[in-house]
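The values are calculated or read from the model by the stated rules, or taken from the named source; none is laboratory data. Just so it is clear, the model here is predicted, and its values are computed rather than measured. Ideal geometry is used to build each Cβ from the backbone, glycine not excepted, and the neighbour counts take in all protein chains shown.
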Amino acid sequence: MMKDHLEYVGRVVGDYRLLRWLGGGGFGNVYLAEDMRSSVQVAVKVLQIHLTKQEDWRSFINEARTMRLRHPHIVPLLDFGLDRHDTPFLVMEYAPQGTLRDRHPIGTRVPLAIAIKYASQMASALQYAHEAHLVHRDVKPENMLVRSDGTILLSDFGIATTVHTTHSRTNKGMLGTVPYVSPEQASGKPRAASDQYSLAIVLYEWISGRVPFEGAALDVAIQHATQLPPSLIAQVPDISSEVEDVLFKALAKDYKDRFPSTQAFLVTLQRAHTSAPFRSSAVIRAAKPTFKDVAPPPVKVQPSMNVALTAPRPVLQPEKTQSETAQVSCSSLDTRSQKLSAIPSPANSAFLSAVRKYSFSKTWRVLLVLLCGLVIVGGSYTYVTVKNIQRKAVAKEASNAYSSAVAQHGTMFGFDAAHTHTNSYERILDSDNVSQLQQVWRANVSMQHSDYSPAVARGVLYIGSLDGNLYALDAISGKEIWVASVNAGLASSPAIVNGTVYVGSLDGNLYAFDASTGKKDWIAPSGGIIYSSPTVANGIVYVGSWDNKLYAFDAITGEQKWVAPTAAHTEASPAVADGVVYLGSLDNKLYAFDAITGKQKWTATTGGDIDSSPAIANGIVYVGSWDNKLYAFDAMTGEQKWAASTGSIIYSSPAIDNGVVYIGSSDYKLYAFDARTGKQKWAVATNGGIDSSPLVANGVVYTGSLDHKLYAFDAITGDQKWTATTGDSINSSPIVANGMVYVGSRDDKLYAFSLPE
Ligand code: ADE
């Protein structure tokens with residue numbers, strides 16, 4: 001098969017010209033190719049088989065069927081077909097950095113933290129495949145591709161098999177790659193736990209530099225079935241026994257003794273790593289697992305900013321009044337009520353009355369108008385003085401409005417129940433001063449492969465972690481207030497309402513905690529992993545689950561009110577407005593359910609999976625889709641109003657403010673569209689895909705990018721105003737509260753930025 005691989009270079013297969021040989025994959029060779037219609041570079045796998053045998057058809061169709069698998073860590077299959085000579089071929093995304101085997105050749109070691117980062121991405125891909133009833137059967141570094149942004153993609157589903165087919169259970173012809181193959185797969189009975197075993201072998205190899213069992217194929221297969229893997233600690237003394245125990249459990253001979261799922265394996269490994277990453281320091285670190293090495297603050301905000309391991313836990317801090325740093329322009333005062341009325345949340349009337357109650361009193365308005373007048377007639381000295389008075393006034397009002405609305409109604413991911421990702425209270429950061437933002441603290445949170453965000457309420461920041469903990473931190477200093485533990489990782493953005501924090505977990509439960517103490521109020525089960533972030537409206541918590549269902553629970557008791565089905569997984573979060581819950585699903589559809597009964601009102605179809613959380617404004621619901629488009633549907637009927645195109649897949653959720661919808665796209669751009677017509681107002685490019693959902697506050701749009709940076713753009717013009725670099729991609733949405741900006745990065749850190757004092 002391999003000897004004539006170069007003969008294909010230069011040939012045309014279907015619409016693709018083969019340019020260069022990349023390597024041999026299962027059943028064929030992979031070439032760098034050019035799509036002659038678009039000049040886009042792709043990878044083409046030419047299967048050097050003729051489809052005469054049933055087995056060959058099976059493997060071709062098997063891999064082609066993985067086209068329906070769409071996951072951030074599974075290589076997207078773009079096309080397949082037969083060439084003129086009936087040679088079958090498959091077309092996939094080209095990963096320019098090759099495979100993890102290229103990056104880490106045989107015999108080399110990979111630092112544990114990096115190995116876990118790779119493995120957690122592969123575990124989420126495998127978990128997804130397993131939930132679709134597919135077993136990969138050939139998990140190894142050669143089948144892990146590195147995308148240009150550094151993310152890892154699982155490839156080569158050529159021998160994947162359906163979990164429930166009798167074929168896979170009885171097949172005696174063992175497929176797979178011997179050093180990575182589990183005992184049950186070697187005896188022809190692969191199952192999801194076989195992929196878990198193979199991933200554990202890969203981790204063992206990365207950590208120690210060698211696979212546990214070596215030798216001739218038959219000998220290796222016998223060792224897999226009968227021998228314990230050699231001690232890892234003996235080879236790598238730094239590794240903690242906790243990490244070794246977790247790996248060895250995934251390597252159990254009997255699949256029943258392994259973890260119940262690949263995701264559970266990785267979550268436990270991450271937890272073991274976070275609590276005791278290295279033997280030498282395990283004792284010290286075990287005392288307090290996270291927030292252990294918060295970076296020294298470049299800007300001094302509070303004397304005791306470092307999160308010291310031994311620091312006593314502070315009590316809840318009162319809201320900070322950003323008196324010295326707030327600023328407002330005369331014109332923004334005029335548009336204030338207009339902006340607020342554009343907020344469409346269900347709770348909007350309540351929110352708005354709360355805001356109005358605390359918005360500028362008549363006296364202040366008169367005073368500020370007078371001050372504005374002074375600015376116009378006065379000299380620069382007067383201007384500065386006036387500006388400072390304005391700042392103080394506005395900061396106090398904004399801070400009060402924010403605090404009291406939050407106290408009454410809570411905040412959630414996106415700041416309101418309709419997930420419009422708009423902080424309408426923000427009057428401190430604006431397009432003029434945002435360029436001065438500086439990092440004030442940084443905390444360690446295990447959030448590598450996730451796109452969930454923190455939420456801030458009453459001066460406390462809440463963030464879930466893949467180590468299974470929910471952290472409450474002082475929003476100003478980053479100091480830990482309390483930690484609450486659950487059974488598995490948290491990859492859902494918390495929602496805080498009426499003194500309760502709601503958060504979904506990978507263990508399938510929705511949790512409610514007391515926001516000031518961290519005490520567990522209740523646990524409500526769903527039938528699958530929860531990635532979705534809960535939304536709370538009118539005493540009901542709504543959350544999507546991987547069991548393809550939307551759940552509604554009583555916010556006080558956790559009692560299940562109703563469950564509504566969708567046709568596929570729901571990873572995105574629901575949004576609620578005017579008695580209707582909206583939720584996107586991976587079956588390409590946006591669903592609308594009655595918020596009280598759960599009865600389906602309508603569905604609207606897009607051209608791709610929906611990973612984006614909808615947002616609603618002025619009777620229109622907006623949502624992004626994997627078909628590259630942002631859609632606007634009538635919120636009551638589901639009738640499509642318009643669809644606006646971007647250059648690539650949309651994972652990001654829309655943000656709406658002042659008649660403009662903002663959304664990120666994997667084409668590296670942030671877009672602004674007219675909310676009524678869908679006409680593009682502007683688009684700005686970053687150096688990485690924008691999976692992050694933008695947030696708008698006081699004329700500034702904030703978004704993260706896979707280029708590791710957090711950006712602030714002027715909401716009207718799209719001009720870049722500020723950027724800050726983190727240690728890895730930013731998939732999550734930034735949060736702005738009381739003059740501070742927060743964002744989580746894949747470098748496992750949560751960053752906080754503020755204006756200088
Ligand atoms: N090797 C195997 N598949 C590949 C792909 N899709 N991109 C780059 N290198 C590869």
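Once region 485-511 is narrowed to residues that are small (Gly, Ala, Ser) and surrounded by fewer than 24 Cβ atoms within 10 Å (Cβ to Cβ), the residue that is nearest to THR535 (Cα to Cα) is GLY499. Annotation note: Cβ proximity below 8 Å between a residue of region 64-77 that is assigned to a helix (DSSP H, G or I) and a residue that is at pLDDT 75 or above and within 15 Å of the ligand (Cβ to nearest atom) (sequence gap 6+ or interchain) occurs for ALA64/LEU77; ALA64/PHE80; ALA64/LEU90; THR66/ILE74; THR66/LEU77; THR66/PHE157; MET67/LEU77; MET67/PHE80. From the list THR703, THR725, the lone residue that is crowded, with 23+ Cβ neighbours inside 10 Å, closer than 20 Å to SER431 by Cα and β-branched (Val, Ile, Thr) is THR703. Filtering region 36-48 to residues that are part of a strand (DSSP E or B), farther than 14 Å from LEU77 by Cβ and more than 10 Å from the ligand (Cβ to nearest atom) leaves only VAL46.
Listed here are the residues, each with its yes/no results for (1) away from the ligand (no atom under 12 Å from the Cβ); (2) modelled with pLDDT under 90.
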residue	(1), (2)
PHE89	yes, yes
GLU93	no, no
ASP102	no, yes
LEU126	yes, no
HIS136	yes, no
VAL139	yes, no
GLY158	no, yes
THR162	yes, yes
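For ASN548, state whether it is of a type outside the set (Ser, Thr, Tyr) and more than 25 Å from the chain's Cα centre (by Cα). First the steps, then the outcome.
Working: of a type outside the set (Ser, Thr, Tyr): yes; more than 25 Å from the chain's Cα centre (by Cα): no.
Spelling it out, it is not the case that ASN548 is of a type outside the set (Ser, Thr, Tyr) and more than 25 Å from the chain's Cα centre (by Cα).
List the number of the failed condition for LEU586; all other conditions in (1) without any contact (Cβ under 8 Å) to a residue 40 or more places away in the chain; (2) buried (at least 20 other Cβ atoms within 10 Å of the Cβ) hold. Tallying (1) without any contact (Cβ under 8 Å) to a residue 40 or more places away in the chain; (2) buried (at least 20 other Cβ atoms within 10 Å of the Cβ), LEU586 fails exactly one: (1). From the list PHE291, PHE259, PHE265, the one residue that fits, being modelled with pLDDT of 90 or more, out of contact with any Ser or Thr (no Cβ under 6 Å at 6 or more places or on another chain), assigned to a loop (DSSP other than H, G, I, E, B) and surrounded by 18 or more Cβ atoms within 10 Å (Cβ to Cβ), is PHE259.
ILE239: more than 16 Å from the ligand (Cβ to nearest atom), β-branched (Val, Ile, Thr) and either at pLDDT 90 or above or more than 27 Å from LEU22 (Cβ to Cβ) (or both), yes or no? Judged against the criteria, ILE239 is a match. Checking the structure you have, find out if any residue of region 650-662 is closer than 26 Å to THR411 by Cα and in contact with a helix residue (DSSP H, G or I) (Cβ under 8 Å, 6 or more places away or on another chain). For region 650-662, residues closer than 26 Å to THR411 by Cα and in contact with a helix residue (DSSP H, G or I) (Cβ under 8 Å, 6 or more places away or on another chain): present. Report yes if TYR711 is crowded, with 23+ Cβ neighbours inside 10 Å and part of a strand (DSSP E or B), otherwise no. The answer is yes for TYR711. Based on this model, can you work out whether ILE116 counts as closer than 13 Å to VAL202 by Cα, more than 15 Å from the ligand (Cβ to nearest atom), of a type in the set (Val, Ile, Thr) and crowded, with 20+ Cβ neighbours inside 10 Å? Taking the combined requirement at face value, the residue satisfies it.
Are any residues in region 482-526 among the aromatic types (Phe, Trp, Tyr) and touching a residue at least 60 places away in the same chain (Cβ under 8 Å), and if so, which ones? TRP482, the sole residue that qualifies.
Criterion first (away from the ligand (no atom under 11 Å from the Cβ) and at pLDDT 90 or above) does MET67 satisfy it?
Working: away from the ligand (no atom under 11 Å from the Cβ): yes; at pLDDT 90 or above: no.
So MET67 does not fit the description; no.
Figure legend. Inter-residue proximity from region 132-147: first residues over 23 Å from TRP546 (Cα atoms), second residues β-branched (Val, Ile, Thr) and within 9 Å of the ligand (Cβ to nearest atom), beta-carbon distance below 8 Å, spacing 6+ or different chains. Indicated pairs: PRO141/THR99; GLU142/THR99; ASN143/THR99; MET144/THR99; LEU145/VAL75; LEU145/THR99; VAL146/THR99.
Can you find a residue in region 733-742 that is farther than 22 Å from ILE496 by Cα and out of contact with any Leu (no Cβ under 6 Å at 6 or more places or on another chain)?
Looking through region 733-742, none of the residues is farther than 22 Å from ILE496 by Cα and out of contact with any Leu (no Cβ under 6 Å at 6 or more places or on another chain).
No other residue among TYR16, TYR31 is within 16 Å of the ligand (Cβ to nearest atom), in contact with a helix residue (DSSP H, G or I) (Cβ under 7 Å, 6 or more places away or on another chain), at pLDDT 70 or above and among the hydroxyl-bearing types (Ser, Thr, Tyr) apart from TYR31.
Among the criteria (1) within 29 Å of GLY739 (Cα to Cα); (2) more than 20 Å from the chain's Cα centre (by Cα), the one ILE540 does not fulfil is (1). Might you let me know whether region 72-81 holds any residue that is crowded, with 16+ Cβ neighbours inside 10 Å, more than 15 Å from the ligand (Cβ to nearest atom) and under 30 Å from THR570 (Cβ atoms)? Yes: region 72-81 contains one or more residues that are crowded, with 16+ Cβ neighbours inside 10 Å, more than 15 Å from the ligand (Cβ to nearest atom) and under 30 Å from THR570 (Cβ atoms). Within region 640-690, being assigned to a loop (DSSP other than H, G, I, E, B), under 18 Å from the mean Cα position of the chain (by Cα) and β-branched (Val, Ile, Thr) holds for ILE649, ILE650, ILE690.
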